[in-house]
Amino acid sequence: MNFPVFSQLAGNFGFPETGSLETASSSGESVAKGEPRKASQRRARPAAPSKVYVIPVWRTGDKVRWRDRIGDFRRETGDGEHAEITISERTYRVRLADLAWVARVTRAAPREL
């Protein structure tokens, strides 16, 4: 159904001078649902998922690995980048990024027969 629209209003809202009840898209053109997509739209892919980085929470007494040595975590220094660890009675100030978890090995109690 068409109805007349004043040319001043048509220019402001992106409608043709002969208005219709169809809604116009933001670009001023309406795309019918059955029309094929443009070549640039056909191969559109969804955005790649972002990588999630997990920052470990260290606690006093945790076993840590630093430069192929195993030690105990003492504390964070407060600057968000360094920590103190103890390896064989010596204390080292190291970067948190250089620390790695040490898997705890728990041994099961022997079974009674």
Under 5 Å, built H, 5+ apart or other chain: amide partners of residue 77: 82, 83, 84
Sorted by Cβ neighbour density within 10 Å, fewest at the top, the residues 54, 64, 94: 54, 94, 64
Please list 3J(HN,Hα) in residue order for segment 89-103, calculated via the Karplus relation 6.51 cos²θ - 1.76 cosθ + 1.60 where θ = phi - 60°; whole Hz, with x for glycine and proline. 6, 10, 9, 10, 9, 10, 6, 4, 5, 8, 8, 9, 5, 10, 5
Fewest to most Cβ atoms within 10 Å: 38, 63, 33 sort as 33, 38, 63
Amide H neighbours of residue 66 under 5 Å, counting only residues 5+ apart in sequence or on other chains, H built in-plane at 1.01 Å? 71
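Laboratory data are not the source of any read-out in this text; all were calculated from the coordinates shown. Here the structure is a predicted model, which means the values were calculated and not measured. When we count neighbours, we look across all protein chains shown, and the Cβ atoms used for this are built from the backbone with ideal geometry, even at glycine.
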